[in-house]
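No value in this document is a laboratory result; all are computed from the given coordinates. Keep in mind the model is a prediction, meaning the values are calculated, not measured. Virtual Cβ from ideal backbone geometry, glycine too; neighbours counted across all protein chains shown.
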Amino acid sequence: MVLIGKQLQLSPMRDDDIAEVRAIELAVFPTPWPGSAYQRELNNNRAAHYFCLHRNRQVVGYGGLWAVGEESHVTTIGVAAECQGQGYGRAIFAALVNRSYALRANFISLEVRPNNEPAIHLYETFGFKVIGRRRGYYTDNGEDALVMWSDLIHAPQFKRRFLAIWDRLEIDGLGARPDDGFPSS
């Protein structure tokens with residue numbers, strides 16, 4: 001899906017975005033993060049990297065990850081309810097994968113609810129696989145989380161798949177396209 005003509009802009013999340021992010025979070029998640037969590041992440045967590053997707057200057061989605069050693073761990077991704085199914089989650093996730101390349105990560109991990117089929121499908125589209133389960137992970141209902149993991153993100157098959165997705169996105173602020181090759185160091 002190509003996102004054209006919607007005046008989409010991806011940018012690092014700022015303190016000014018938190019109110020809009022929080023409104024989306026409250027509307028789409030059964031257990032939203034506490035109100036102060038994003039402020040702590042942005043201002044106190046050096047491993048944190050968060051982005052917002054704006055449409056006509058309004059936040060319509062967001063995502064974040066932590067850089068931990070050779071791994072990027074996706075901490076959250078959310079899209080406003082009225083904007084779901086339009087490719088915004090794909091764009092945000094592509095930005096997180098791209099940031100992982102920039103951070104020189106080798107792998108990406110995340111947790112997802114087993115009944116969140118659209119998210120699971122999205123992650124599988126990028127080449128992620130379910131590798132395990134965290135029992136009782138979600139505090140609202142004790143539901144397990146599926147643990148999903150990428151292959152080596154520099155491996156030719158993973159990178160080709162990612163670049164095919166990347167090349168169909170047209171959003172300001174996505175950053176530089178990763179090169180096609182395997183890193184030399």
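Annotations
- HN-Hα J in Hz across segment 49-56 - Karplus 6.51, -1.76, 1.60, θ = phi - 60°, x for Gly and Pro: 9, 10, 10, 10, 9, 10, 10, 6
- Dipole of segment 1-76 [Lys/Arg +1, Asp/Glu -1 at C-beta], most positive-end residue of 47, 69, 7: 7
- Measuring spread by the Cα atoms of segment 1-91 yields a radius of gyration and Dmax of 13.0, 38 Å.
- Rounded to two decimals, the Cα radius of gyration of the chain over 2.2 N^0.38 Å is 0.98.
- Sorted by Cβ neighbour density within 10 Å, fewest at the top, the residues 49, 54: 54, 49
- GluC sites (Glu not before Pro), loop per DSSP, at most 16 other Cβ atoms within 10 Å - longest free stretch of the chain: 71-142
- Rounded FRET efficiency, nearest 0.05, which uses the C-beta distance separating residue 26 from residue 180 and R0 of 41 Å: 0.50
- Largest mean-square fluctuation among 166, 33, 149, in a Gaussian network model of the chain whose springs join Cα atoms under 10 Å apart, belongs to 33.
- Of interest is the spacing of the C-alpha centroids, which for segment 127-159 and segment 33-50 amounts to 22 Å.
- Theoretical ellipticity at 222 nm over the chain - DSSP helices of four or more residues, -39500 (n - 2.57) apiece, nearest 500: -9000 deg cm²/dmol
- Mean separation of Cα contacts under 8 Å (6+ apart) over length of the chain, as relative contact order %: 22
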